[in-house]
Amino acid sequence: MIKIIAGGKKNAEWVSGVISEYEKRLRKPFDISWQFMDEDKLAKYLEKWPFETRDLVICCDERGKNISSDEYSQILNGAFVDGKNVVILIGGAYGFSEKVRDGSDFVWSFSKLVFPHMIARLIVAEQIYRAQEIIRGGKYHHE
């Protein structure tokens with residue numbers, strides 16, 4: 001299972017509906033769970049760095065590395081093969097501190113554009129589904 005920790009308010013109804021469609025299609029180990037925290041609580045939670053060496057922590061941040069969907073699927077699949085827990089961090093409006101970015105195993109930028117956190121959540125859910133389909137050889141992803 002992939003744990004997604006998201007800053008800001010819970011998903012708006014329109015976001016929840018679209019994310020739900022992707023969640024229905026996900027199969028272990030690509031299934032996801034969500035944890036929502038307001039930004040201040042998330043920042044305090046991350047100050048203590050609650051993650052362990054068996055966790056692969058992916059921080060979504062515009063200052064990260066831009067990769068292809070295929071590369072992303074390889075990162076997730078490699079974590080599963082290595083028996084790692086995957087944790088994806090999605091910040092709120094103010095993103096993450098340098099300390100959080102430095103502590104993460106991978107800092108992932110979707111593009112040079114900046115997206116609202118609810119759109120980022122949707123992108124993450126879609127890319128997890130896409131990664132699953134790439135790994136299983138499904139027809140969803142085209143190259």
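The values are calculated or read from the model by the stated rules, or taken from the named source; none is laboratory data. Quantities reported herein were computed from a predicted structural model and do not represent experimental measurements. Note that we place each Cβ from the backbone using ideal geometry, even for glycine, and neighbour counts take in every protein chain shown.
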Exercise. Within the range 80-95, how many residues turn out to be surrounded by 15 or more Cβ atoms within 10 Å (Cβ to Cβ) and over 14 Å from Ile4 (Cβ atoms)?
Worked result: 3
Exercise. Of (1) part of a helix (DSSP H, G or I); (2) farther than 18 Å from Ile123 by Cβ, Ile75 satisfies all except one. Which?
Worked result: (2)
For this session: Would you mind telling me which numbered condition in (1) within 29 Å of Arg136 (Cβ to Cβ); (2) assigned to a loop (DSSP other than H, G, I, E, B); (3) touching a helix residue (DSSP H, G or I) at 6+ places or on another chain (Cβ under 8 Å) Cys59 fails?
Result: (2)
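Based on this model, can you work out whether Tyr94 counts as closer than 15 Å to His117 by Cβ, among the hydroxyl-bearing types (Ser, Thr, Tyr) and touching an Asp or Glu at 6+ places or on another chain (Cβ under 9 Å)? Write out each step before concluding.
Values: closer than 15 Å to His117 by Cβ: yes; among the hydroxyl-bearing types (Ser, Thr, Tyr): yes; touching an Asp or Glu at 6+ places or on another chain (Cβ under 9 Å): yes.
So Tyr94 passes the test.
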For this session: Run Ser68 past the list (1) touching a helix residue (DSSP H, G or I) at 6+ places or on another chain (Cβ under 7 Å); (2) without any contact (Cβ under 8 Å) to a residue 60 or more places away in the chain; (3) closer than 23 Å to Gly137 by Cα and report the number of the one that doesn't hold.
Result: (1)
For this session: Scan the range 34-56 for residues that are surrounded by 14 or more Cβ atoms within 10 Å (Cβ to Cβ) and either part of a loop (DSSP other than H, G, I, E, B) or of a type in the set (D, E, K, R) (or both) and jot them down.
Result: Glu39, Phe51, Asp55
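Is one or more of the residues making up the range 126-135 farther than 18 Å from Val18 by Cβ and either touching a Lys or Arg at 6+ places or on another chain (Cβ under 9 Å) or surrounded by fewer than 19 Cβ atoms within 10 Å (Cβ to Cβ) (or both)? Even if it seems obvious, please write down each step before you answer.
The first filter runs over the range 126-135 and keeps only residues farther than 18 Å from Val18 by Cβ, leaving 134-135.
Adding the requirement that they be either touching a Lys or Arg at 6+ places or on another chain (Cβ under 9 Å) or surrounded by fewer than 19 Cβ atoms within 10 Å (Cβ to Cβ) (or both) leaves 135.
Yes, some residue in the range 126-135 is farther than 18 Å from Val18 by Cβ and either touching a Lys or Arg at 6+ places or on another chain (Cβ under 9 Å) or surrounded by fewer than 19 Cβ atoms within 10 Å (Cβ to Cβ) (or both).
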Problem set entry | Leading residue by the ranking (modelled with the lowest pLDDT) among those in the range 4-33 that are buried (at least 16 other Cβ atoms within 10 Å of the Cβ) and part of a strand (DSSP E or B) | Gly7
